[in-house]
1. Can you spot a residue in region 141-150 that is in the same structural domain as Ile218 (by TED's automatic domain parsing), of a type in the set (Val, Ile, Thr) and part of a loop (DSSP other than H, G, I, E, B)?
2. Just to check your reading of the model, which residue among Val77, Val23 is over 18 Å from Leu104 (Cβ atoms), β-branched (Val, Ile, Thr), more than 19 Å from the chain's Cα centre (by Cα) and surrounded by 15 or more Cβ atoms within 10 Å (Cβ to Cβ)?
3. Against the condition of a type in the set (D, E, K, R) and over 25 Å from the mean Cα position of the chain (by Cα), how does Glu42 come out, does it pass?
4. Got a sec? Which of Arg66, Arg109 is surrounded by fewer than 18 Cβ atoms within 10 Å (Cβ to Cβ), part of a loop (DSSP other than H, G, I, E, B) and touching a helix residue (DSSP H, G or I) at 6+ places or on another chain (Cβ under 9 Å)?
5. Filter region 75-87 down to residues that are out of contact with any helix residue (DSSP H, G or I) (no Cβ under 7 Å at 6 or more places or on another chain) and in contact (Cβ under 8 Å) with a residue 12 or more places away in the chain, then give me how many there are.
6. Kindly evaluate Asn195 against the criterion of being of a type in the set (S, T, N, Q) and out of contact with any helix residue (DSSP H, G or I) (no Cβ under 9 Å at 6 or more places or on another chain).
7. Go over the candidates Asp320, Asp360 one by one and state the one that is under 21 Å from the mean Cα position of the chain (by Cα), under 24 Å from Gly60 (Cα atoms) and either surrounded by fewer than 18 Cβ atoms within 10 Å (Cβ to Cβ) or touching a residue at least 24 places away in the same chain (Cβ under 8 Å) (or both).
8. Look at region 23-60 and say how many of its residues are of a type in the set (Gly, Ala, Ser), part of a helix (DSSP H, G or I) and touching a residue at least 40 places away in the same chain (Cβ under 8 Å).
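The values are calculated or read from the model by the stated rules, or taken from the named source; none is laboratory data. If you're wondering where the values come from, they're calculated on a predicted model, not measured in any experiment. In this analysis, Cβ positions are derived from the backbone assuming ideal geometry, glycine residues included, and neighbour counts consider all displayed protein chains.
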Amino acid sequence: MEGTKKLSMPSGNVHDIRYLYAVIAGLKQRSGRVEGSPTTFEYFRKAINDYNDAKASRYGLSFRPREVNIKVVKHVVTELKGLRLIRSENRHLVLSNDGENVALLIEGRDSDELKKIFARLMLENYSIFENFLKRLKEISGGKGLPVPSISSHVFTKCEEDPIKIAESYIHIIKETCPNLVLNPERLYSILEEANIASLGKRTEKINTLQAIIERYVIAEAFSPSIKSRRVYDFIRWRTSFLEFTNYAIFHFEGFPAEVTYLIANFSPTFAQTVRMVEYANGSIYINYPSFEELLEPFKDSIIRAYDAKKDEFGYAKVADVRDLVCRGLKISDYLFDDYLKRLYQEEPHWLSFTYSGAEDLITEKRLPIVFEKPVRELFTLLKINQRR
């Protein structure tokens, strides 16, 4: 693709790259050329909302995604123009040659190749992605950055004292990110000025404390490129979708924190198979071991996670096991799901699955395992039946 001036980040912060897929596919269905009119934007809006509805139905999400508005669609179109996948021509929107190629991959459901293309596009066009990945590597190595997730239990455990809570999380972050230089006194000063104790409701106190501490951690780790939780979430979402990073909430002696960690590197340090993405400034290597390479450590890791998380009935939540296995093996959720289903197909007596029911919250990050054949089935719990 032709070179272009690298921007800091996309406008609009549209998290889901598949919104871009939806617009490209919609444009392809109209022969690759449509009038840039309100009717067209409404057509794109419906395509994105249809994608969200299909995803919610497929995974049984506990909450239906909110319908996107025309403003979101305009941000998607602007980004696609910046990536040179579509262009404006005589008051029409037209697929470029590169856009046509992407559209064909979407039609063919070639998700792996699509991710490689968009990984390259993100790295070549927006500096914030490369900066984020390199900074995460610099401060934490392979451990990842823990962003505090303050629970009611933590609030009670620390006697509702914001300074005690902050000190506990500062200790966790220093242990996990030895190369991140923090200035705790600045955080303590901000907390004192906020006078959280004066707030009325307990939930208001926790939410205010959460906002202050997470903003401090993110700014200390990534300023000046990332200073807010909103931008951090956007970068974390896209880098996880592209399988550069992964994230989940983990507990540090009773203190929960959302940890974002690398599953890719700018040098070929992984011992197993990698997916290499070449871009203008170099290459990035995504940890992508084959099923055969990963099988033994994969099964061992599943056993350890299962033993740590199983309930009195002998079942563990798929999402809990997934979180632990992915962090331990530095792989994506996508690869975990793919290989877990393959393991079940090859060794059906080793695992059992069941559905826990409506009480188990299903979110975009805590998805069930879905089998499409012979009939579509959705599972949120697993059980190991056979030990080696």
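1. yes
2. Details: Val23 fails: over 18 Å from Leu104 (Cβ atoms).
It is Val77.
3. Yes: the conditions hold for Glu42.
4. Values: Arg109 fails: touching a helix residue (DSSP H, G or I) at 6+ places or on another chain (Cβ under 9 Å).
Result of the check over Arg66, Arg109: Arg66.
5. Count: 2.
6. So Asn195 passes the test.
7. On the way: Asp320 fails: either surrounded by fewer than 18 Cβ atoms within 10 Å (Cβ to Cβ) or touching a residue at least 24 places away in the same chain (Cβ under 8 Å) (or both).
Unique residue meeting the criteria: Asp360.
8. Residues that pass the stated criteria total 1.
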